[in-house]
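The values are calculated or read from the model by the stated rules, or taken from the named source; none is laboratory data. Remember, predicted model here, so these are calculated numbers, not experimental data. All Cβ positions, even for glycine, are placed from backbone atoms using ideal geometry, and neighbour counts span all protein chains on display. Note: accessible area is taken over every heavy atom of the protein model, side chains too, but ligands, DNA and RNA are not part of it. Shrake-Rupley method; radii C 1.70, N 1.55, O 1.52, S 1.80 Å.
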Amino acid sequence: RAAARRAELRSELGLTGFTWLSVGRLKPEKNFPNLFRAFRQLPAGTQLLLAGDGPERSRLEQELPPGARLLGRRTDIASLMAAADGFVLPSDVEGLPMVLLEAAAAGLPLVSTAVGGTGEIITDGLTGRLVPAADSEALSRAMLSVMELSSHDRQALADAGRQSVEERFGLEQVLDRWEELYAS
């Protein structure tokens, strides 16, 4: 059922090759131009979906590399995640990005810049790939390394990310931590 829904979503979106998804408010600290520079270095046929809206939209629309699409504000992020092959977050500044937790829970392999709380979500090499902020070469290499994994190894990376998020950020775990905090 999930495989059929994924195929249907990919068909609706016209996705044929490896597809990266990025989601966020289109503002300077998200550094989508860095993602565009990294994406331009990936093999032809790779696709990028960027969902979000914000003050940088018109500028980003002008800078879109071939194979990339700016989808604007979307309410179907879970469907986009089901259709994508990987998730990438190019931010210069983050807190604890919920979108990375959601992407991990959706079973996507993750690539992110090592800023804010991203290291709380991703253990580099085990549950995803972390790279320095604003380094398009490193971002591109990390994205390519995920793309070059066998489907089995890519799934293992995604599964490790999902399991880690469930163990560390699941509702029961968070409630247990709140109880411990109140008890202390």
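Of note:
- If only residues of the range 103-121 that are more than 14 Å from Pro90 (Cα to Cα) and free of Cβ contacts under 8 Å to residues at least 60 places away in the same chain are counted, the one that is most open to solvent (accessible area, probe 1.4 Å) is Glu120.
- Every residue from the range 37-60 that is part of a helix (DSSP H, G or I) and open to solvent by 20 Å² or more (accessible area, probe 1.4 Å): Arg37, Arg57, Ser58, Arg59
- When residues of the range 130-155 are limited to those that are in contact with a Ser or Thr (Cβ under 8 Å, 6 or more places away or on another chain) and assigned to a helix (DSSP H, G or I), the one most open to solvent (accessible area, probe 1.4 Å): Met147
- All strands (runs of 3 or more DSSP E) inside the range 61-129 with 3 or more residues being of a type outside the set (Ser, Thr, Tyr): 68-72, 86-89
- Screening the candidates Ala78, Ala4, Ala105, Ala84 for the property of being of a type in the set (A, V, I, L, M) and in contact with a Leu (Cβ under 9 Å, 6 or more places away or on another chain) yields one hit, Ala84.
- Matching entry among Leu100, Leu96 (being touching a helix residue (DSSP H, G or I) at 6+ places or on another chain (Cβ under 7 Å) and exposed (fewer than 15 other Cβ atoms within 10 Å of the Cβ)): Leu96
- Per the conditions (1) under 24 Å from Arg25 (Cα atoms); (2) under 15 Å from the mean Cα position of the chain (by Cα), the sole criterion not satisfied by Ser136 is (2).
- Taken together, the criteria place Gly117 among residues that are at pLDDT 95 or above and either under 18 Å from Gly24 (Cα atoms) or β-branched (Val, Ile, Thr) (or both).
- Test set (1) free of Cβ contacts under 8 Å to residues at least 24 places away in the same chain; (2) open to solvent by less than 40 Å² (accessible area, probe 1.4 Å); (3) of a type in the set (Gly, Ala, Ser) - Ala84 fails condition number: (1)
- Condition check for Ala2: of a type in the set (Gly, Ala, Ser), in contact (Cβ under 8 Å) with a residue 24 or more places away in the chain and buried (at least 17 other Cβ atoms within 10 Å of the Cβ): no
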